[in-house]
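Before any comments, here is the structure.
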Amino acid sequence: MNQDEDVSPHGMWSSRWLFVLAAVGSAVGLGNIWKFPYLTGANGGAAFVLIFLVTTFIVAVPMLMAEVLIGRQGRNSPVNTLRILVQQHRRSGWWVLIAWFGMLAGILILSYYSVAAGWALYYMVMMASGAFDGVTAEVANQTFAAFTGNPWLLGLCHVIFLTLTVIIIGKGVVRGLESSNRWFMPLLFLLLLVLLGYGMMSGGFSEAFAFMFDFKWVDVTTSTWLTALGQSFFTLSLGMCCMMSYGAYVPSNASIPGTTAAIALISTLVSIGAGLAIFPIVFVNGLEPAQGPGLMFVTLPLAFGHMSFGALFGFLFFLLVSFAAITSAISMTEPALAYLVEEYNASRSRVAVTLGVLCWMIGVGTVLSFNVLADFTVDGSRTIFAFIDHLTQNIILPVCGLLLAVFCAWRLPRLVVQSQLGIRSRSIWWLWQLFIGVVSPLAVAVILVMGLFPCVLTQDCGA
Ligand code: PFF
């Protein structure tokens, strides 16, 4: 492939910074602000945070580089990128299945992600109306319970968020939206800092800090490892070929190690910042850290409700969270969207509506799992929401990530990888191979087996 042909048929990011912005837009979302704090709360605090940092920087970051480099090498939708690479290098066609599973994961994730994003839309309106002014912890709890207990209202917010997403991706204004990240993301960080300042002065900060960083091995279980690993994948938008499809539009002169390190660092800082903003409010108000998905929606209105200009700040915060959710949501559909456009020459808007309807249908299950079907479990212990979340985050993403790492390390020619990453020194090459070819895949495999079959450790699988 010569340099002049080295472009994607779908267009290119005009600079490496636009790629970083777009990838940060995809990475930073509800995963950082909503999910990370409630998973930390439910999994023992510091034990989860430390393992999350380890799985992010040792396992996920090399895989992020691998996904982007594979995308840039193939320059097409993930399915066609993998098809091109296996044909060029005479590898088995089975590798293409990874992209199919990635597309499936994208649709399943969007189906519930859009439900939670609908909550943010609702809270944006509620904050603006002043409904939380001077509110007590009990009322904040009750408001969330009453909201999620109402399937019609929840369904309406879900539909509104999905419709917005479909309109944006259908109109193809994605790139324009991504560049508005330039303003919205820093504003979101600024508001997180305001919340952090509020948390610091609230009296619960030292307890929150200890909860998040006072690590004790005894708190670590096999499920902590699996949940932290899944969260590392989820929050970096990894394992479902989303970053591969974004990688396809990266200019050939951009440094992959540099840009991916920036993406991982920003995303991790936002997660930690969100935790440090939320937990002081939890402790000072005697709330339950392990309460699950409602954590952010109970704690933050409480904080805003007691701040000067709280209604305005609260409105702005949930607006920015909704925006961060949209820039993530559009990236989830990118692998399937690019593939369907390439394969069937279909119009973007038609494909967007089809994907939206599919996500809506599956998402109804998640909507109902918070109310009418709250007692219904798919596998004996998980509601529909919890099951789809577990299946995608803890199984599909890590498995696809592992396979992509193996593909990159052992199936792509060394010269291709070296030139994509700009590696010239032999020792750096061996270090890279050690991580992407051995350490990361092995770690994922061990964590998956231990997390999914804990009986392996206790040797009572047959019992
Ligand atoms: N990384 C996003 C977040 O943390 O909110 C979620 C996400 C986006 C997951 C894109 C997967 C994906 F492909």
With respect to THR260, is the statement that it is within 16 Å of the ligand (Cβ to nearest atom), under 29 Å from VAL449 (Cα atoms) and buried (at least 24 other Cβ atoms within 10 Å of the Cβ) true?
-> yes
Exactly one of (1) in contact with a Gly (Cβ under 8 Å, 6 or more places away or on another chain); (2) away from the ligand (no atom under 15 Å from the Cβ); (3) hydrophobic (A, V, I, L, M, F, W, C) is unmet by ALA105. Its number?
-> (2)
LEU457: passes all of (1) farther than 18 Å from VAL68 by Cβ; (2) in contact (Cβ under 8 Å) with a residue 12 or more places away in the chain; (3) under 24 Å from the mean Cα position of the chain (by Cα) but (3)
Confirm whether SER252 is away from the ligand (no atom under 16 Å from the Cβ), under 30 Å from SER15 (Cβ atoms) and not in a helix (DSSP H, G or I).
-> yes
Filter the range 6-30 for residues that are within 24 Å of LEU269 (Cα to Cα), outside any helix (DSSP H, G or I) and either modelled with pLDDT under 85 or of a type in the set (Ser, Thr, Tyr) (or both) and give the result.
-> SER15
Yes or no: ALA46 more than 30 Å from LEU412 (Cα to Cα), out of contact with any strand residue (DSSP E or B) (no Cβ under 7 Å at 6 or more places or on another chain) and away from the ligand (no atom under 16 Å from the Cβ)?
-> yes
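Residues of the range 227-246 being assigned to a helix (DSSP H, G or I) and touching a Leu at 6+ places or on another chain (Cβ under 7 Å), which ones?
Restricting attention to the range 227-246, the residues satisfying the condition of being assigned to a helix (DSSP H, G or I) are 227-235, 242-246.
Matches in the range 227-246: THR227, GLY230, GLN231, PHE233, PHE234, MET243.
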When you scan the range 146-167, how many residues do you find that are farther than 20 Å from MET361 by Cβ and either touching a Cys at 6+ places or on another chain (Cβ under 7 Å) or at pLDDT below 95 (or both)?
-> 0
Taking the options TYR344, TYR339, name whichever one is away from the ligand (no atom under 12 Å from the Cβ), more than 24 Å from the chain's Cα centre (by Cα) and under 25 Å from GLY74 (Cβ atoms).
-> TYR344
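Yes/no matrix, rows are residues, columns are (1) surrounded by 19 or more Cβ atoms within 10 Å (Cβ to Cβ); (2) among the β-branched types (Val, Ile, Thr); (3) under 27 Å from LEU236 (Cβ atoms); (4) within 16 Å of the ligand (Cβ to nearest atom):
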residue	(1), (2), (3), (4)
LEU300	yes, no, yes, no
LEU312	no, no, no, no
PHE315	yes, no, no, no
ILE330	yes, yes, yes, yes
GLU334	yes, no, yes, yes
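The values are calculated or read from the model by the stated rules, or taken from the named source; none is laboratory data. Because the structure is a prediction, the values reported are computed rather than measured. Note that each Cβ is placed from the backbone with ideal geometry, even for glycine, and that neighbours are counted across all protein chains shown.
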